[in-house]
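Enquirer: Please read through the structure below; I'll follow up with questions.
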Amino acid sequence: MNSGPAARSFFFFVRMGTPQAAIMKPTTTLSEATARAGAEIRSALDAYPGRLTLSCSFGGPSGMVLLDLALQEEPRLPVFVLDTGLLFPESYALLAETEARYGIRVDAIAPLQSVAEQAATCGERLWERDPDRCCSLRKVEPLRKHLQGYDAWMTAVRRDQTSARSRLATREWDFENQVVKIVPLVDWSEDLGWAYVREHGLRVNALHDHGYPSVGCITCTRRVRSGESIRAGRWPGFIKTECGIHAPSANA
């Protein structure tokens, strides 16, 4: 296990027990949720000055909420997107709009191989045969390499999104990437996220108006049918709910 500064500061955080008790308290109002998320972001910025980055997929409303909250606290915070080369045009359009709105430059983290190069080495349309391998090549491995330059990263995942995320803590040790993972919106709901979007006039992915409540790669995302769960359109035809970047982590 990594015994560097990030690891030591995380396990000190766990021993002290600071906000870990608070994360189990249900969020009830937007103002409460916003205040708690803001406090967690400020705490992370203080704990990892210059060594913290934020991930945004430009797919769901939660990511836009976290980006807005974080840039209010630190306008120069590094922001990155895992650019698989297979994102929807609407996702790329939102990325460009976001850069213009906040005056930032989002780091597009690309896989080692282009889609064409991957096809040459792994066969055509790998996502249709082995989506786990495709996600590993185009998301998991690029993330691991990118985070080597940081001690902590923030992400907008929430407990209510999948069963695998139901035990998320606000701050966890990310074993896969050997950094601290910070989850300020962990106890938010989808409704709270949309309430923040409306109240603050945030731009979101245009696909939300066309039956795509959860947006990933264009090859592995379909419209959601009436009565289906929000993430039912992800990896259709496979028993798969995660791309792999949110592997189980250590928390208090």
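Enquirer: Could you check, for region 117-138, whether at least one of its residues is touching a Ser or Thr at 6+ places or on another chain (Cβ under 8 Å) and under 29 Å from residue 193 (Cα atoms)?
Expert: yes
Enquirer: Moving on to the next point. Restricted to region 163-177, and to residues that are surrounded by fewer than 18 Cβ atoms within 10 Å (Cβ to Cβ), farther than 20 Å from residue 107 by Cβ and of a type outside the set (Lys, Arg), which residue is modelled with the highest pLDDT? Please lay out each step first, then the result.
Expert: Restricting attention to region 163-177, the residues satisfying the condition of being surrounded by fewer than 18 Cβ atoms within 10 Å (Cβ to Cβ) are 163-167, 175-176.
Going one step further and asking which of them are farther than 20 Å from residue 107 by Cβ, we end up with 163-167, 175.
Of the ones still in play, those that are also of a type outside the set (Lys, Arg) are 163-164, 166, 175.
On the way: 163: 67, 164: 68, 166: 73, 175: 92.
Filtering first and then ranking leaves 175.
Enquirer: A follow-up question, please. Consider residue 28 carefully, then state whether it is over 16 Å from residue 147 (Cα atoms), modelled with pLDDT under 95 and either loosely packed, with under 12 Cβ neighbours inside 10 Å or not basic (Lys, Arg) (or both).
Expert: Spelling it out, residue 28 is indeed over 16 Å from residue 147 (Cα atoms), modelled with pLDDT under 95 and either loosely packed, with under 12 Cβ neighbours inside 10 Å or not basic (Lys, Arg) (or both).
Enquirer: Among the residues of region 222-234, is there at least one that is outside any loop (DSSP other than H, G, I, E, B), under 16 Å from residue 131 (Cα atoms), among the basic types (Lys, Arg) and in contact with a Gly (Cβ under 9 Å, 6 or more places away or on another chain)? Quick ask: steps written out before the conclusion?
Expert: First, the residues of region 222-234 that are outside any loop (DSSP other than H, G, I, E, B): 234.
Filter once more, keeping what is under 16 Å from residue 131 (Cα atoms): 234.
After this cut, where a residue has to be among the basic types (Lys, Arg) as well, the list is 234.
Subset that is in contact with a Gly (Cβ under 9 Å, 6 or more places away or on another chain): 234.
Yes - at least one qualifying residue is present in region 222-234.
Enquirer: Let me ask you something else. Exactly one of (1) surrounded by fewer than 16 Cβ atoms within 10 Å (Cβ to Cβ); (2) over 22 Å from residue 42 (Cα atoms); (3) of a type in the set (Asp, Glu) is unmet by residue 190. Its number?
Expert: Condition not satisfied by residue 190: (1).
Enquirer: Also: Do we find a residue being among the aromatic types (Phe, Trp, Tyr), surrounded by fewer than 17 Cβ atoms within 10 Å (Cβ to Cβ) and either assigned to a helix (DSSP H, G or I) or in contact (Cβ under 8 Å) with a residue 60 or more places away in the chain (or both) anywhere in region 65-88? Explain how you work it out, then say what you get.
Expert: Keep residues of region 65-88 that are among the aromatic types (Phe, Trp, Tyr), which gives 80, 88.
Checking the rest, the ones that are also surrounded by fewer than 17 Cβ atoms within 10 Å (Cβ to Cβ) come to none.
Checked region 65-88: no residue is among the aromatic types (Phe, Trp, Tyr), surrounded by fewer than 17 Cβ atoms within 10 Å (Cβ to Cβ) and either assigned to a helix (DSSP H, G or I) or in contact (Cβ under 8 Å) with a residue 60 or more places away in the chain (or both).
Enquirer: Can we say residue 229 is without any contact (Cβ under 8 Å) to a residue 40 or more places away in the chain and either touching a Lys or Arg at 6+ places or on another chain (Cβ under 9 Å) or of a type in the set (A, V, I, L, M, F, W, C) (or both)? Please lay out each step first, then the result.
Expert: Numbers: without any contact (Cβ under 8 Å) to a residue 40 or more places away in the chain: yes; either touching a Lys or Arg at 6+ places or on another chain (Cβ under 9 Å) or of a type in the set (A, V, I, L, M, F, W, C) (or both): no.
Spelling it out, it is not the case that residue 229 is without any contact (Cβ under 8 Å) to a residue 40 or more places away in the chain and either touching a Lys or Arg at 6+ places or on another chain (Cβ under 9 Å) or of a type in the set (A, V, I, L, M, F, W, C) (or both).
Enquirer: Checking residue 180 against (1) buried (at least 20 other Cβ atoms within 10 Å of the Cβ); (2) among the β-branched types (Val, Ile, Thr); (3) assigned to a loop (DSSP other than H, G, I, E, B), which single condition isn't satisfied?
Expert: (3)
Enquirer: Would you mention how many residues in region 121-160 are buried (at least 18 other Cβ atoms within 10 Å of the Cβ), outside any loop (DSSP other than H, G, I, E, B) and small (Gly, Ala, Ser)?
Expert: 1
The values are calculated or read from the model by the stated rules, or taken from the named source; none is laboratory data. Keep in mind the model is a prediction, meaning the values are calculated, not measured. Virtual Cβ from ideal backbone geometry, glycine too; neighbours counted across all protein chains shown.
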